[in-house]
1. So which of 93, 139 is within 20 Å of residue 201 (Cα to Cα), assigned by TED's automatic domain parsing to the domain that holds residue 182, in contact with a helix residue (DSSP H, G or I) (Cβ under 6 Å, 6 or more places away or on another chain) and in a helix (DSSP H, G or I)?
2. Any residue in the range 218-234 that's within 17 Å of residue 123 (Cβ to Cβ): show its pairings with residues that are among the charged types (D, E, K, R) and in a helix (DSSP H, G or I) at Cβ separation under 9 Å, as long as the two are six or more apart or on different chains.
3. Does the range 328-347 include one or more residues that are surrounded by 14 or more Cβ atoms within 10 Å (Cβ to Cβ) and modelled with pLDDT under 80?
4. Are any of the residues in the range 164-171 farther than 30 Å from residue 224 by Cα, buried (at least 20 other Cβ atoms within 10 Å of the Cβ) and in contact with a strand residue (DSSP E or B) (Cβ under 6 Å, 6 or more places away or on another chain)?
5. Does residue 262 qualify as being out of contact with any His (no Cβ under 7 Å at 6 or more places or on another chain), at pLDDT below 75 and more than 27 Å from residue 97 (Cβ to Cβ)?
6. For the condition in contact (Cβ under 8 Å) with a residue 12 or more places away in the chain and within 23 Å of the chain's Cα centre (by Cα), what is the one hit in 342, 287, 320?
7. All but one of (1) surrounded by 15 or more Cβ atoms within 10 Å (Cβ to Cβ); (2) modelled with pLDDT of 75 or more; (3) within 20 Å of residue 277 (Cα to Cα); (4) not aliphatic (A, V, I, L, M) hold for residue 357; which doesn't?
8. Within the range 212-230, is there a residue that is under 27 Å from residue 106 (Cβ atoms), surrounded by 14 or more Cβ atoms within 10 Å (Cβ to Cβ) and modelled with pLDDT of 90 or more?
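The values are calculated or read from the model by the stated rules, or taken from the named source; none is laboratory data. Just so we're clear, the structure is a prediction, and the values are computed from it rather than from any experiment. For neighbour counting, all protein chains shown are included, and Cβ atoms are generated from backbone atoms with ideal geometry for every residue, glycine included.
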Amino acid sequence: MIGSAFESLAANKVRSGLTMLGVVIGVALVIILVSLGESARLFVDDQMRGIGFGRNGLIIHPGRMDPPIEPSKLRLEDSREISRRIPEVLDQVPIVVGSAYIRSGGQEHKTSIRGFTENYTELVNHRVESGTFLTALDVEQHRKTCVIGQKIKDKMFGGMAPIGETVRLAGRRFTVVGVMEKKGEMMGDDLDDMVIVPITSAQDLLDTDKLNAIIVWSRSTEDLSIVREKIGEFLSGRHMRKDDFHFHTQEEMISILGTITGTLTAFVSGVAAVSLLVGCIGIVNIMLVSVLERTREIGIRKAVGARHQDIFWQFFGESMVLGMLGGFTGLFTGVGAAALVMKQTGLPVQISGWAVGLALACSLGVGVVAGVYPAMRAARANPIQALRFEH
C-alpha cells in the first residue's frame, strides 16, 4: 500500500508538493515558535544564574508597576535599614545607574556608570580579574576610585596595565583600582562596557540621592515570600505611602516572558491551524481529482478481483503519505529555521520535543481526515460504470 502510494505521488511531483504546502507551513510554524519560546525562557533562566541572581533574589524597583509612574523614593538608607530590620534577609546591594564619558590619554568613550557597595562581588557571579574591588571605606568616604570592564580597559589602555592610573569620569578624576573579568552581555546589558564606582560617589557624580534598584537575597528560597511581605510593609511605613515601589523575582521575570511568548504562540498557532486546515482541504481536493482521473483504473482493479477495502486502503494510504511527507518536511524546515534564528540571536538551541510530536500528530491527523471521504468514494465506485468512464 505504502509503496504504491509513493509511486502514485511521485508521478505528479509538483502537484503533490503544492498539496503538502499547507501542512508544511503549519507544522514548521508550530515547531519554530514553541521552540523559540522555550529557548527564550531558558536564556532568561541561564542569564539570571550566570549573574548569580538566583531563586532567592528579589529586585526592588522605585515607582509603581502600573502607570502613572511615581518619582523614585528609594534611598541608600532604605537598603541599609532593610538589612538591619529584616532577619530573613541574607544581604542586599543597592544600585545606581547612569552614563558618562570616560577620558584617559586622549581617548574618550561614553560608558555606563554603576554605583555599587563593597559586597557586590560577594553576592553576584562577577569577579575582579586584576587589582581589587571597592572597599567599605571607599563607599563611606565617597572616594574617587573605580573598577573598569574589559572593553573599557582595551579602549582606554590597550595593552597597558590600568591599575593605579587616573581617568576622568564626567570631568572628575578617578583612580582605577581593578579590572573586572570578561562577562559579556546579560539581558542586553554589556557588563564589559561599564565603570563601577562606590555608590556614594556615583550619586555625587550623577547628582542624585536616589537609587535605581535594590537587589535583596533571602536566606533561603522559602523565606523569599516572607522577605517580600516584610519589605513591602517596611517601605510603605517608611515612605508614609504605598505603591512607590514594586518587586520582581526570577520566576516573575520568566513568567512575564512566558506571557509574551504565550500570546505570540496563540496567535501563530491560529495561523498554523489555518495552514493545516488549508492543507487538509488541499489533500481532499487532490485526492478527489486523483479518484476521478483513475476511475478506469479502479474499474479494472475491481474487474480482476480487487475488494472494496483494497481500493479504500490504496487511496487512504496516498492521503496518509501526503500528510506524513508534509509533516516531516515541515519538521525539518521548522527545526532548521528555529536553530538558525537561535544561533543568530544568541539564544540557546532548544527544540521542543512535545511541539515536534504534536506537529507530526497533527500532520498525520490531517492525512487521515482528508483521506477518508475520497477513499470511500473510490471504494464505492461501480466497476461497470468505472470501466465505461472517459475523461
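1. Exactly one residue qualifies, and that residue is 139.
2. If the second residue must be among the charged types (D, E, K, R) and in a helix (DSSP H, G or I), the pairs left are 218/228.
3. The answer is yes; a qualifying residue exists.
4. Applying the first criterion (farther than 30 Å from residue 224 by Cα) to the range 164-171 yields 164-171.
If we keep only those that are buried (at least 20 other Cβ atoms within 10 Å of the Cβ) too, we end up with 167, 169.
Applying the additional criterion that residues be in contact with a strand residue (DSSP E or B) (Cβ under 6 Å, 6 or more places away or on another chain) yields 167, 169.
Yes; the residues of the range 164-171 include at least one that is farther than 30 Å from residue 224 by Cα, buried (at least 20 other Cβ atoms within 10 Å of the Cβ) and in contact with a strand residue (DSSP E or B) (Cβ under 6 Å, 6 or more places away or on another chain).
5. Working: out of contact with any His (no Cβ under 7 Å at 6 or more places or on another chain): yes; at pLDDT below 75: yes; more than 27 Å from residue 97 (Cβ to Cβ): yes.
Yes, satisfied.
6. 342
7. Exception for residue 357: condition (1).
8. Filtering the range 212-230 down to residues under 27 Å from residue 106 (Cβ atoms) leaves none.
No: zero hits.
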